[in-house]
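Reviewing the structure listed below.
The values are calculated or read from the model by the stated rules, or taken from the named source; none is laboratory data. Since the model is a prediction, treat every value here as computed from it, not as a measurement. Reconstructed Cβ throughout: ideal geometry from the backbone, glycine too, with neighbour counts over all protein chains shown. Ligands, DNA and RNA are stripped out before the accessible areas are found, and what is left, the full protein with its side chains, is counted by its heavy atoms. Shrake-Rupley method; radii C 1.70, N 1.55, O 1.52, S 1.80 Å.
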Amino acid sequence: RYLLARDLLIDELYAYIRRMYSFIPEAMGPMFESHFRGMLALLLGVEQQREPYIPNLMHMRLLYTNRRFLDAMARRSAGRDPVIDDFLSEVLGISEHSDHSLANMSSWITSKIQRFIADVGLRNMTCQNRMLDLADLVERRRIVLFYLRRGRFGEYASGLLASQMVTRLR
């Protein structure tokens, strides 16, 4: 169940970013998609994460800039998801001098999520060590209101938050 939710979350986030950058088709090519999906799957893991480590978008940059963090995430999921294993085998096996090396892909990937972590208000919502347990709220038949008007965070940020909330509730 978690893996289905994880993949849906990744798909929704990818689709949203793709819509955001639709005016630059070459910014969203197959290598971007492969790295984006692979690194997010690695970050989110194969089972729901609990405190003290709750992944967030700020950790995405760490996967590219901090080899110890990348190695720790790789060890955590090693042998548990063949798609992640294949992805890591491929990207870690690419020469540092290749256009598709981690160093070269880093800014290409992380620049697309920078908008969501640079804004302090948005970062406070998307980059916390804890999260709102929406499944628990639904099971207990609670009401949750999200105030995401466009003027508060901007069009893209409000849209991202709204799509992620709907995905998580689903």
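Which of (1) open to solvent by 70 Å² or more (accessible area, probe 1.4 Å); (2) outside any helix (DSSP H, G or I) is the odd one out, the single condition Q49 does not satisfy?
Failed condition: (1).
On the given criteria, is D86 at pLDDT 80 or above and in contact with a Leu (Cβ under 9 Å, 6 or more places away or on another chain)?
no
Can L122 be described as surrounded by 13 or more Cβ atoms within 10 Å (Cβ to Cβ), under 19 Å from the mean Cα position of the chain (by Cα) and at pLDDT 85 or above?
no
What's the total number of residues in segment 1-31 that are within 13 Å of the chain's Cα centre (by Cα), more than 22 Å from D71 (Cβ to Cβ) and open to solvent by less than 60 Å² (accessible area, probe 1.4 Å)?
Looking only at that region, the number is 9.
Here are the criteria: (1) open to solvent by less than 70 Å² (accessible area, probe 1.4 Å); (2) touching a helix residue (DSSP H, G or I) at 6+ places or on another chain (Cβ under 8 Å); (3) touching a residue at least 60 places away in the same chain (Cβ under 8 Å); (4) among the aliphatic types (A, V, I, L, M). Tell me which single one I54 does not satisfy.
All conditions are met except number (2).
Tally the residues that are farther than 24 Å from G79 by Cα, touching a helix residue (DSSP H, G or I) at 6+ places or on another chain (Cβ under 6 Å) and either touching a residue at least 60 places away in the same chain (Cβ under 8 Å) or in a loop (DSSP other than H, G, I, E, B) (or both), restricting the search to segment 10-46.
Result for segment 10-46: 5.
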